[in-house]
Amino acid sequence: MSNLIKKMLFAAMAIMLSQSSLGKPVEKVTSPDGHLTLIAGVESGQAFYSLQRDNTPVINKSRLGFMLSDGMFADNFKLCKASRSSLDETWETVWGESRLVRNNYNELRIELQERNGKKRKLNIVFRVFNDGMGFRYEFPKQSALTDFEIMEEFTEFAMPCDPPTWSQPTNGTKYYEALYTKEPLSKKDTISTPITIEAKDDMFLSIHEANLTDYASLNLTPRNANDGITLKCALTPWHSGVKVYASSPSKTPWRTIVVARKPGDLITSNLILNLNEPSQIEDTSWIQPGRYIGIWWGMHMTDYTWEQGPRHGATTENTKRYIDFAAKHGFSGVLVEGWNEGWDDEWTRIGNHFNFTKPYPDYDLKELASYAKDKGVRIIAHNETGGTTTNYEDQMEEAFRLYQQLGINCVKTGYVNPMLDGIELQHSQYGIRHYRKVVETAAKYHLMIDNHEPAMPTGLRRTWPNLMTGEGARGMEYNAWSNDGGNPPYHICILPFTRGLAGPLDYTPGVFNFNNKAVPGTRPQTTLAKQLAEYVVIYSPLQMAADMIENYEHQPALTFIESCPTTWDTTVVVDAEIGKYIVTARKDRNSDNWFIGGVTDEEARTVEVPLTFLESNSAYRAIIYADSPNADYKDNPYAMTIDQKDVDHDTVLKIDMARSGGFAIRIEKIPMH
């Protein structure tokens, strides 16, 4: 054999070995059931992915990568290695909408490196579940990339059409408290996640993120494309313009796409939870879901004030009344707002006047904590910061230690200022770091957190199950003081499919008195029965009965709230159409009882509710709270009937809902004799 031929064969073998070590330019992984297919790889130096369901495009070829402060980290890649793994496990939640969660996925990891220049490395991990996918970037430890600044994340979601989408805008709203609107993607500006998309009659998508840790919150900007609309990543920046300060090794949050055949499947998906780490709290016995009341609605009605004065709400005497009511009616907690020093100033502008251990003179914190404990009730400490996080962090250890000593086991935090410490946006990396510090410090002192003006939830409740619930939506308070009459009838019919997909929502339902002397004409745009239904339809492990306690006295409707659990064994969405109506059934985690809630928009509806989720060969009794035949959310909102009926697995209930009405049902298993 000539030397020339030997050299040619050697070169050919070298190329083959090189190609083998580089891996194929395109890789593929499917969901465990085979319906979803994820394709990822590198083309002309650019990393990309796409997603199909049964050969139908879900996400077209979409760009991946970054712009760092020292240049592009996106268009010079080669695929060095691809590896695969799978997992199928079942884990138990501390609390939640379901007791058991199946975590079943197939994973593809691609390892990239720049072809020339600094030859920096980047890994992208894809996990494909039966109901969607998640992916995130990993920056391996490397000398070519130590400390760095992310100026842009180039992640895209290329939609193959211009589908109708439910979302709220990022610009022009505070605290994620805008109304969700339904429009084609092309009609929207930058929007906050989660967003919900009706791609086809049998394809509903939710795009969000999971495990938001030391990173900026995700927003999306729609842009026209040749074959549809492409959503481009728009991270919330620091005031410097930098999106994320990072160092290797590190990981980004997961970018998530839930893919469902019907709207209710979006609600029962656990994909976001599964993309978070297991609990960091070993002993979770102190984490206790429950119902609470509070000295709160009276401020909105101007009966009380947060600040000192003749109408100060947070007095020792008034708080004892609320504790007594809670003990009598089975509420586990009493929220008290305005108890501590700092409310007398312009606190939304000067939040550093708040003191989180020093009560006002007319509020005896220690006595009330002891009084509540003797009654089997806990005080919920309210910590409004006015957005001054440095002041809060300076006092946090001392305050949380005091609360633990007093037997207080829950804190409601607040950040009524979109600029933290006067300079950084709430949902920037700066804010995300603060919110996490609060949760982790609270865990140290066995405190649960109810976070108002929060970061949008991303499933961290799995890792830190003391992060119970939060706001991040246009809640009940808008029915007290908004200048547009209150939340519209369709609002509750959208929230479970949008904000509710991110995590538990402290919507604070349960207003029984619709008269509003503070802002006449503004009130809950619902019937009384719909207020009860919200306890099942809107999930939170801490559920408030928001009204003043005087308005609950001698109200038969209160019996439903008294009996309704806040943590569940099973959740079933019986029927739903986004923005129009929803019927949800949940089984109590600690008994055989089921609870059903149904709500409708401004259109009256009759729904059929098959009870096939009940055990066969068992007998049950249903207590049904429903709109009266003459009920109407505008003219006759209080009209409600309470009926009792024996039911079983084969029963189909037919229930009429008034305009913006609803129903709530408690189903109790009848013991066999």
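The values are calculated or read from the model by the stated rules, or taken from the named source; none is laboratory data. Just so it is clear, the model here is predicted, and its values are computed rather than measured. Here Cβ is always computed from backbone atoms with ideal geometry, including for glycine, and neighbour counts include all displayed protein chains. For accessibility, only protein heavy atoms count, side chains too; no ligands or nucleic acids. Shrake-Rupley method; radii C 1.70, N 1.55, O 1.52, S 1.80 Å.
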Matching residues in segment 181-206 - criterion: being touching a helix residue (DSSP H, G or I) at 6+ places or on another chain (Cβ under 6 Å) and open to solvent by 10 Å² or more (accessible area, probe 1.4 Å): PHE204
Strands (runs of 3 or more DSSP E) within segment 79-152 that include 3 or more residues charged (D, E, K, R) and under 23 Å from ALA246 (Cα atoms): 100-114
One residue from LYS580, LYS587 being in contact with a strand residue (DSSP E or B) (Cβ under 6 Å, 6 or more places away or on another chain) and open to solvent by 10 Å² or more (accessible area, probe 1.4 Å): LYS587
Qualifying residue in segment 485-498 (condition: open to solvent by 10 Å² or more (accessible area, probe 1.4 Å) and modelled with pLDDT under 95): no
Residue, most open to solvent (accessible area, probe 1.4 Å), within segment 626-665, restricted to residues that are β-branched (Val, Ile, Thr) and out of contact with any helix residue (DSSP H, G or I) (no Cβ under 9 Å at 6 or more places or on another chain): VAL652
Every pair of residues 6+ apart whose Cβ atoms lie under 8 Å, when the first sits in segment 257-268 and is surrounded by fewer than 23 Cβ atoms within 10 Å (Cβ to Cβ) while the second is part of a loop (DSSP other than H, G, I, E, B) and of a type in the set (S, T, N, Q): ALA260/SER269; THR268/SER98
Any strands (runs of 3 or more DSSP E) falling wholly within segment 485-596 and containing at least 2 residues that are of a type in the set (Ser, Thr, Tyr) and touching a helix residue (DSSP H, G or I) at 6+ places or on another chain (Cβ under 8 Å): 581-588
Strands (runs of 3 or more DSSP E) lying entirely in segment 609-660 (those with 1 or more residues that are modelled with pLDDT of 95 or more and more than 22 Å from VAL573 (Cβ to Cβ)): 620-627, 640-647
Test: residue in segment 360-383 that is out of contact with any Phe, Trp or Tyr (no Cβ under 8 Å at 6 or more places or on another chain), more than 22 Å from LYS328 (Cβ to Cβ) and in a loop (DSSP other than H, G, I, E, B): yes
Condition met for GLU209 (in contact with a Pro (Cβ under 8 Å, 6 or more places away or on another chain), open to solvent by 10 Å² or more (accessible area, probe 1.4 Å), more than 19 Å from ARG261 (Cβ to Cβ) and acidic (Asp, Glu)): no
Matching residues, segment 427-445, being in contact with a helix residue (DSSP H, G or I) (Cβ under 6 Å, 6 or more places away or on another chain) and in a loop (DSSP other than H, G, I, E, B): TYR445
Selection from segment 308-326 of residues that are under 19 Å from GLU384 (Cα atoms) and buried (at least 18 other Cβ atoms within 10 Å of the Cβ): HIS312, GLY313, ALA314, THR315, THR319
Filter pass, ALA518 being among the hydrophobic types (A, V, I, L, M, F, W, C) and either touching a Cys at 6+ places or on another chain (Cβ under 8 Å) or modelled with pLDDT of 95 or more (or both): no
Total residues in segment 460-481, condition of a type outside the set (Val, Ile, Thr) and over 21 Å from VAL537 (Cβ atoms): 7
Failed item in (1) out of contact with any Asp or Glu (no Cβ under 6 Å at 6 or more places or on another chain); (2) surrounded by fewer than 16 Cβ atoms within 10 Å (Cβ to Cβ); (3) of a type in the set (S, T, N, Q), with THR570 passing the rest: (2)
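Table: residues versus (1) of a type in the set (A, V, I, L, M); (2) more than 18 Å from TYR392 (Cα to Cα); (3) open to solvent by 10 Å² or more (accessible area, probe 1.4 Å); (4) touching a residue at least 60 places away in the same chain (Cβ under 8 Å).
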| residue | (1), (2), (3), (4) |
| --- | --- |
| PRO418 | no, no, yes, yes |
| GLY422 | no, no, yes, no |
| GLN426 | no, no, no, yes |
| VAL438 | yes, no, no, no |
| THR441 | no, no, yes, no |
| LEU447 | yes, no, no, no |
| GLY459 | no, yes, no, yes |
| THR463 | no, yes, yes, yes |
| ASN466 | no, yes, no, yes |
Residue under evaluation VAL244, criteria (1) aliphatic (A, V, I, L, M); (2) in contact (Cβ under 8 Å) with a residue 60 or more places away in the chain; (3) within 25 Å of LYS61 (Cα to Cα), criterion not met: (3)
Residue in segment 65-100 that is surrounded by the most Cβ atoms within 10 Å (Cβ to Cβ), counting only those that are touching a Ser or Thr at 6+ places or on another chain (Cβ under 6 Å) and among the aliphatic types (A, V, I, L, M): VAL94
Scan of segment 269-281 for residues that are in a loop (DSSP other than H, G, I, E, B), open to solvent by less than 50 Å² (accessible area, probe 1.4 Å) and not small (Gly, Ala, Ser), ordered by number: ASN270, LEU275, ASN276, ILE281
Residue among GLY475, GLY510, GLY459 that alone is under 12 Å from the mean Cα position of the chain (by Cα), under 28 Å from THR196 (Cα atoms) and not polar (S, T, N, Q): GLY459
Members of segment 395-408 that are open to solvent by 10 Å² or more (accessible area, probe 1.4 Å) and in contact with a helix residue (DSSP H, G or I) (Cβ under 8 Å, 6 or more places away or on another chain): GLU397, LEU406, GLY407
Every residue from segment 283-307 that is open to solvent by 60 Å² or more (accessible area, probe 1.4 Å) and hydroxyl-bearing (Ser, Thr, Tyr): SER285, THR302
Tally of residues being within 20 Å of ASN451 (Cα to Cα), modelled with pLDDT of 95 or more, crowded, with 18+ Cβ neighbours inside 10 Å and of a type outside the set (Gly, Ala, Ser) across segment 342-393: 14
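Each row is one residue, and each column tells you yes or no for (1) closer than 30 Å to SER86 by Cα; (2) in contact with a Lys or Arg (Cβ under 8 Å, 6 or more places away or on another chain).
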{"position": "GLY264", "(1), (2)": "yes, no"}
{"position": "ILE267", "(1), (2)": "yes, no"}
{"position": "GLU277", "(1), (2)": "yes, yes"}
{"position": "GLU282", "(1), (2)": "yes, no"}
{"position": "GLY294", "(1), (2)": "no, no"}
{"position": "GLY309", "(1), (2)": "no, no"}
{"position": "ALA314", "(1), (2)": "no, no"}
